[in-house]
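These notes are about the structure you will find just below.
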Amino acid sequence: MAWKLTAALLLLAWLSAAMCSARDGTELLNVCMDAKHHKAKPGPEDKLHDQCSPWRKNACCSVSTSQELHKDTSLLYNFNWDHCRKMEPACKRHFIQDTCLYECSPNLGPWIQEVNQSWRKERFLNVPLCKEDCESWWRDCRTSYTCKTDWHKGWNWTSGSNKCPAEAVCRTFEFYFPTPVALCEGIWSHSYKVSKYSRGSGRCIQMWFDPAQGNPNEEVARFYALAMNSRATAHGIGPVLVILALMLQLCLLN
């Protein structure tokens, strides 16, 4: 009986230590992706250009990156927004904000995933995008033109920039993306997942924000990082609790 009690106590001690040392989720906060143009660590960039300016206090992008991504055909990826015809300025504004978020935000850690791609080792997946941001993106792009539903793949790159594949037909965004969800979740291979929450709720990522009011995405990242850590900890410790209970029961029976 003594050895069983000792083993149970040792297991209990280990469990207590594991719970005390459980990650608090901070490793997912204030981080940059391992990708082509991202900095290794976030930091101040006082002169970020135009729509990337909200991230000036803490950014994963450089000034030159922020300037380049505002161009119609950026040297960052040689991607041409006007692959069918001239994109409406209101629509293009959303794509620039989307790219600024991708390149500059240090608040996407909970959704970063490893990938095996030549131009990046990490991407973000299923970021909970605030519903208003998605709806306004779709609304302002409805009358612009494209030829594909997934812009991550399938382009003709023989000219050095993206061209529509031979069989593709240029039609309005509304044809290829009949709903806001179809646009926001489909266009970048599920980088985003449209949230049921609204801007300012602390539960969804804003594509753009007023820096004078602070960065609301910091609170959102913290919430999801802690939630993910809690689930992981509970999943790992659950089986140990069962074993511990059985061992204590055997001790008591003896």
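Restricting attention to the range 28-69, the residues that are surrounded by 18 or more Cβ atoms within 10 Å (Cβ to Cβ), assigned to a helix (DSSP H, G or I) and of a type in the set (Asp, Glu) total 1.
Considering the conditions (1) more than 20 Å from the chain's Cα centre (by Cα); (2) at pLDDT 95 or above; (3) open to solvent by 20 Å² or more (accessible area, probe 1.4 Å), residue 166 is excluded by exactly one of them, (2).
Just one of (1) surrounded by fewer than 20 Cβ atoms within 10 Å (Cβ to Cβ); (2) more than 22 Å from residue 155 (Cβ to Cβ); (3) at pLDDT below 95 fails for residue 77. It is (2).
Can you confirm whether residue 23 is open to solvent by 80 Å² or more (accessible area, probe 1.4 Å) and modelled with pLDDT of 95 or more? Spelling it out, it is not the case that residue 23 is open to solvent by 80 Å² or more (accessible area, probe 1.4 Å) and modelled with pLDDT of 95 or more.
For (1) in contact with an Asp or Glu (Cβ under 8 Å, 6 or more places away or on another chain); (2) within 14 Å of residue 94 (Cβ to Cβ), each residue gets a yes or a no:
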site: 129; (1), (2): no, yes
site: 137; (1), (2): yes, yes
site: 172; (1), (2): no, no
site: 175; (1), (2): no, no
site: 193; (1), (2): yes, no
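Within the range 199-213, one or more residues are out of contact with any Asp or Glu (no Cβ under 8 Å at 6 or more places or on another chain), under 24 Å from residue 32 (Cβ atoms), part of a helix (DSSP H, G or I) and in contact (Cβ under 8 Å) with a residue 12 or more places away in the chain. When the residues of the range 211-226 are filtered to those that are farther than 16 Å from residue 102 by Cβ and touching a Pro at 6+ places or on another chain (Cβ under 7 Å), the one that is surrounded by the fewest Cβ atoms within 10 Å (Cβ to Cβ) is 211.
Quick test for you: out of 133, 150, pick the one residue that is at pLDDT 95 or above and either at positive phi or surrounded by fewer than 14 Cβ atoms within 10 Å (Cβ to Cβ) (or both).
150
Quick one: residue 187 ticks every box in (1) open to solvent by less than 50 Å² (accessible area, probe 1.4 Å); (2) within 14 Å of residue 83 (Cα to Cα); (3) free of Cβ contacts under 8 Å to residues at least 40 places away in the same chain; (4) β-branched (Val, Ile, Thr) bar one, so which box is it? Answer for residue 187: the failing condition is (2). Find the residue count for the range 80-120, including only residues that are open to solvent by less than 30 Å² (accessible area, probe 1.4 Å), in contact (Cβ under 8 Å) with a residue 60 or more places away in the chain and under 25 Å from residue 165 (Cα atoms). The qualifying residues number 6.
If you go through the range 63-112 and keep only what is under 19 Å from the mean Cα position of the chain (by Cα) and under 16 Å from residue 44 (Cα atoms), you end up with 65, 66, 100, 101, 103, 104, 105, 106, 107.
Residues of the range 118-163 that are over 27 Å from residue 28 (Cα atoms), under 22 Å from the mean Cα position of the chain (by Cα) and among the acidic types (Asp, Glu): 135, 150.
The values are calculated or read from the model by the stated rules, or taken from the named source; none is laboratory data. Small disclaimer: the values here were computed from a predicted structure and weren't measured. For neighbour counting, all protein chains shown are included, and Cβ atoms are generated from backbone atoms with ideal geometry for every residue, glycine included. Remember, those area values only see protein heavy atoms, side chains included, never the ligands or the DNA or RNA. Shrake-Rupley method; radii C 1.70, N 1.55, O 1.52, S 1.80 Å.
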